[in-house]
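Note sheet for the following structure.
The values are calculated or read from the model by the stated rules, or taken from the named source; none is laboratory data. Predicted, not measured: the structure shown is a model, and the values here were computed from it. When we count neighbours, we look across all protein chains shown, and the Cβ atoms used for this are built from the backbone with ideal geometry, even at glycine. In case anyone asks, the SASA skips ligands and DNA or RNA and just uses the protein heavy atoms, side chains included. Shrake-Rupley method; radii C 1.70, N 1.55, O 1.52, S 1.80 Å.
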Amino acid sequence: MKPVARLVLAGGLLASATLQAAVTEQGVVKNYGDIAYAVFSDSLITAQFLQVKVDALVEAPSQATLDAARSAWKQARVPYQQSEVFRFGNGIVDDWEGQLNAWPLDEGLIDYVAASNYHHEMGNVGANANIIANTSLKLGGTTLDLSTITPDLLASLNELGGSEANVATGYHAIEFLLWGQDLNGTKAGAGQRAYTDYIQGDGCTHGNCDRRAQYLKAATELLINDLKTMQAQWAPGQQNYRAELESQKSEAALTKALFGMGSLALGELAGERMKVALEANSTEDEHDCFSDNTHFSHYYDAKGIENIYYGTYQRVDGSVIKGDSIAMLVKAKDPALAKATDKQFKQTMASMQALVDKAEAQQNAQKFDQMIAEGNEAGAKLIQDAITGLVALTRKIEKVAVELGVENLSPETADHEF
Amino acid sequence: MRYPGATYRSSATKYLTSATKYRSSANNIVHGLVLVITLAVVSACDSTPPEAKWVAAVSKRIGSDYQALLKESETLASSTATFCEQPVDLSPARTQWLRTMDAWQQVQWVRFGPILENNDDWKIQFWPDKKNIVARKVGQLLEREQAIDAATLDKASVVVQGLTALELLLFDDNFSQRYGENTPQAEKQCQLLRVTSEYLVTTVNRISEGWQDDDFQSRWLATATTGSDSTQVDAESQIVAAMLSQMEKVKLDKLGGPLGYKNRNRQPNGYFAESWRSHSSLANIQANLLALARVIDAQDGYDLRRLLAHHGAAPLADQIQAQVNKCLSLLSDIDKPLSEAVMDSAYKPRLDALHQAVGELNSLLKSGLAPALQIKLGFNSNDGD
């Protein structure tokens, strides 16, 4: 694959729509990095805004400050979910993301739960550890000191006792601390944690409000630290992961991009996050199960795939990143395939949008956990259509890969280590 | 493996696979034409391409495997019915469940064709189930006032429709000890046991008939000779992708899961073994390996060995066969149920050896077999984490 050389324009001032340089693979890789940098920067910005609201909640707990924190959490999910397309394929992102977005979690590790409505992973010794209520934890022969809840302590408690469901950190831990357990099953309603869970001194509900506040602040701080780390890896002009990626043959980066798109669309989103929950009618397998924000999380995952294909990303401030794209490469080589892929994207995104529309409807709204209820045929159809759309999209991504000469869709890191 | 260990997303319960045969370049087409001409000269009396012969032979094998599964399921249904007439001895029903599971494991790798149409593979078996959804869903059914019949199961979660729920009802002490109690609850549980085994027969029968269906057969077999077009994945590619996907699941989920290789701290967990309640995890893997061996070497038909010889890659068949045998031999060294062996450090070297050997087998299939047959593998559900 010989990319057409890009026209070098003095000062770059002439690079307007009327005099567009031919698309190159290097241009696509550069734009891929630009989008990653913008997405992780936006994730950081919105997490910092969340921190402001969390601090306000802890400072003066009220329904208003709790609602504001919840709303900030939902906003923070918008850019973060669009970053997930970078996960598969880029080992550095995949190795890092567990601390931020691991799910499902056994929330009894973190705080109080309703015993009758709590279903944890079998064999999980930490399933009822309740870090907030306990200043120390005996596990096997050792005793862990939990007296001060810090970001480092929380990071060390992830996968406590070897269980993946022991998630002490990240978006979903914070989500649980803001919403609490969703005790409604497949009926309407999200978690109903009261702001009084954060009242310091008299009026504190469920005890340990000081430690609960400490936990929430520490988890938020860790999230911000982690996002800073990943943002730096994608900053332009630095010695970082992005520089390494751009120094490789552009085919290697394209492979990672395409692998990320296909893996997220098929195995992860269509399979793990939608089909399992749907077919098993299992709310335990709902992605944002405390807040009932699952429809948006799924939508923005798919949006992230679309971003990479078209080389565009709308930032949270409304500005738009735009550059050389995989779509342009395909269009230059096989206009028919480009057209068919466009059509599939439209159809798939429409089916994702339909989930959002139903969940956010003014009347008779249904969240994802209601759609998966046994016997809800209309809800099941909405989800099934989205799954079918994602599967069809994956097929197109495979064809695109073949067209672009990507011989093996699995990057080297896809099956590393036993 | 990938770390986001903190997640349990990796799962064998998603069977979306694909592969396309890569014949798009002009070179390949020219090469193909030369090949066709040569073949025409060499074997003028038999015009069936080798791919088509192989696909037809595999198809026949799959059909008879479904028949065998149907027969075992029917026997299981009568076995549970007999038990429920006089709930004294569970062992015949348990033995028959094991035989049915074994028949299913022989044909579990076939994640294409009619089985995909109604999520029938999940109806037959739902796994992994780390949060014990099966016990909860079965519990909810048993608490209902109304009688349980096929219509009840039709509307229920796939988790309660097949072998997973039957294993719970037959092998889990919390359930199996109730039958003799002569209470309404025990009676209800027997009702569920009977209805679920009948439901399984219905599901398997639908797949089996779907597979034998003339329309399906002719459409599917036709793809073997047309190669890849824009709408369809050809049968040969589907078979190879499914073989690989199955062995990836053996490594990642069936072994890697209980061994703890999917979590950061690498802590084993016996509950993550497939069929841990019945102690048949290793028997399942053995059946998976034997099923693969039969695709490579079928004494009575056109097998993979002959197809590879046709492609000038005869030694590869021996290599794959030897690796399968190595896996089978390592597996037979483990004389304890997998769910217990992973918790016993004395077994770790043997389990690791098996895990690694299956990994090497996967490499042979992915980097050896697929290119030898000019098959380009696409995404499968093991991508993702």
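Couple of notes before you dig in:
- Restricting A:Gly191, A:Gly141, A:Gly108, A:Gly98 to residues that are open to solvent by less than 10 Å² (accessible area, probe 1.4 Å) and away from chain B (no Cβ under 14 Å) narrows the list to A:Gly191.
- Checking A:Asp324 against (1) assigned to a helix (DSSP H, G or I); (2) among the charged types (D, E, K, R); (3) under 23 Å from A:Ser263 (Cα atoms); (4) away from every other protein chain (no Cβ under 14 Å), the condition it does not meet: (1)
- Members of the stretch A:272-282 found to be in contact (Cβ under 8 Å) with a residue 40 or more places away in the chain and facing another protein chain (nearest Cβ under 7 Å), listed by number: A:Lys275, A:Asn281, A:Ser282
- Among the residues of the stretch A:106-127, those identified as assigned to a loop (DSSP other than H, G, I, E, B), under 21 Å from A:Asn208 (Cα atoms) and under 26 Å from the mean Cα position of the chain (by Cα) are A:Asp106, A:Ile110, A:Asp111, A:Tyr112, A:Val113, A:Tyr118, A:Gly126, A:Ala127.
- Subset of the stretch A:197-216 (residues that are open to solvent by 10 Å² or more (accessible area, probe 1.4 Å) and under 16 Å from A:Ala133 (Cα atoms)): A:Ile199, A:Gln200, A:Gly201, A:Cys204, A:Thr205, A:His206, A:Gly207, A:Asn208, A:Asp210, A:Arg211, A:Gln214
- Looking at B:Asp121, B:Asp129, B:Asp154, just one residue is open to solvent by 10 Å² or more (accessible area, probe 1.4 Å), assigned by TED's automatic domain parsing to the domain that holds B:Ser91 and not in a loop (DSSP other than H, G, I, E, B), and that residue is B:Asp154.
- Comparison of A:Tyr300, A:Tyr309 shows that the only residue that is out of contact with any His (no Cβ under 7 Å at 6 or more places or on another chain), under 13 Å from A:Lys396 (Cα atoms) and touching a residue at least 24 places away in the same chain (Cβ under 8 Å) is A:Tyr309.
- Condition check for A:Ala60: away from chain B (no Cβ under 14 Å), of a type outside the set (S, T, N, Q) and open to solvent by 30 Å² or more (accessible area, probe 1.4 Å): yes
- Inspection of the stretch A:342-361 identifies at least one residue that is open to solvent by 40 Å² or more (accessible area, probe 1.4 Å), more than 14 Å from every other protein chain (Cβ to nearest Cβ) and under 19 Å from the mean Cα position of the chain (by Cα).
- Among the candidates B:Ser367, B:Ser339, residue that is crowded, with 20+ Cβ neighbours inside 10 Å, outside the structural domain of B:Arg111 (by TED's automatic domain parsing) and of a type in the set (Ser, Thr, Tyr): B:Ser339
- Condition check for A:Tyr241: in contact (Cβ under 8 Å) with a residue 40 or more places away in the chain, open to solvent by 10 Å² or more (accessible area, probe 1.4 Å) and either within 23 Å of A:Ala338 (Cβ to Cβ) or aromatic (Phe, Trp, Tyr) (or both): yes
- A:Lys249 being of a type in the set (Lys, Arg), more than 27 Å from B:Ser245 (Cβ to Cβ), in contact with a helix residue (DSSP H, G or I) (Cβ under 7 Å, 6 or more places away or on another chain) and open to solvent by 70 Å² or more (accessible area, probe 1.4 Å): no
- Helices (runs of 4 or more DSSP H) fully within the stretch B:202-301 counting 2 or more residues that are outside the structural domain of B:Asp344 (by TED's automatic domain parsing) and open to solvent by 30 Å² or more (accessible area, probe 1.4 Å): B:214-226
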